[in-house]
Amino acid sequence: MRRVLLPHRLQRKHRIRAKVRGNALRPRMSVFRSLRHLYVQVIDDDARRTVAAVSTKECKISPNVKGATLLGERIAEKVTAAGVTRVVFDRNAYKYHGQVKALADAARKAGIGF
């Protein structure tokens, strides 16, 4: 059988997703960065449903570190309103610094446990 070679970013993504899985008690908080916006979803993988989602596009904030901090606070508000206090963080092959770190730290300060 021939092995398909993937770009390094996709290899990192598959390696992380093999270890990170969300359920009803601890859903997965997934981060996606495009060139213009940041997107965050909290997903229950067992039920295959999205508990909450927020993006810089819908909130009309800039996708920099300050915007990521506001996004972390907003997702924490939505998730706690849905009755979830603990999540599993899925950085989605991005390095844990800058926007991703600011988002995670803001969510932690707002009361979400990782």
Can you return the lysines within cross-link range of K95? Criterion is Cα-Cα under 17 Å, with same-chain partners fewer than 8 residues away left out. K13, K19
Each residue of region 54-71 in turn: what ³J(HN,Hα) in whole Hz from Karplus with 6.51, -1.76, 1.60 and θ = phi - 60°, glycine and Pro shown as x? 9, 9, 5, 5, 7, 8, 6, 10, 6, x, 10, 5, 5, x, 5, 5, 5, 5
Straight-line reach from K60: which lysines fall under 24 Å, measuring Cα to Cα and dropping same-chain residues less than 8 apart? K78, K101, K109
Given the options R74, R26, R17, state which has the largest fluctuation in a GNM of the chain using a 10 Å cut-off (strictly under) for Cα springs. R17
How high is the relative contact order of the chain, in percent, with contacts defined as C-alpha pairs under 8 Å that are six or more residues apart? 28 percent
Highest-MSF residue in the chain out of A76, A47, A102 [GNM, Cα springs under 10 Å]: A47
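Quick one: length gained pulling F114 to Y96 fully straight, 0.36 nm per residue minus the C-alpha distance? If you can, show how the numbers build up before the last one.
Numbers: separation 18, 0.36 × 18 = 6.48 nm, distance 1.40 nm.
Gain in length upon complete extension: 5.1 nm.
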Listed by chain and number, the residues whose amide H is under 5 Å from that of V88, excluding neighbours fewer than 5 places away on the same chain and using placed H, are R28, M29
Measure off 7 Å from each Cα along the Cα-to-Cβ vector at A53 and A18, then give the distance between these two points in nanometres to one decimal. 2.8 nm
Residues of region 94-113 with amide nitrogen under 15 Å from the 7 Å Cα-to-Cβ point of S62? 99
Here the Cα Rg-to-2.2 N^0.38 Å ratio for the chain is 1.07
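Computed from the coordinates by the stated procedures, all read-outs in this text should not be read as laboratory data. Source: prediction; values computed, not measured. Please note: Cβ atoms are built from the backbone with ideal geometry, for glycine as well, and neighbour counts cover all protein chains shown.
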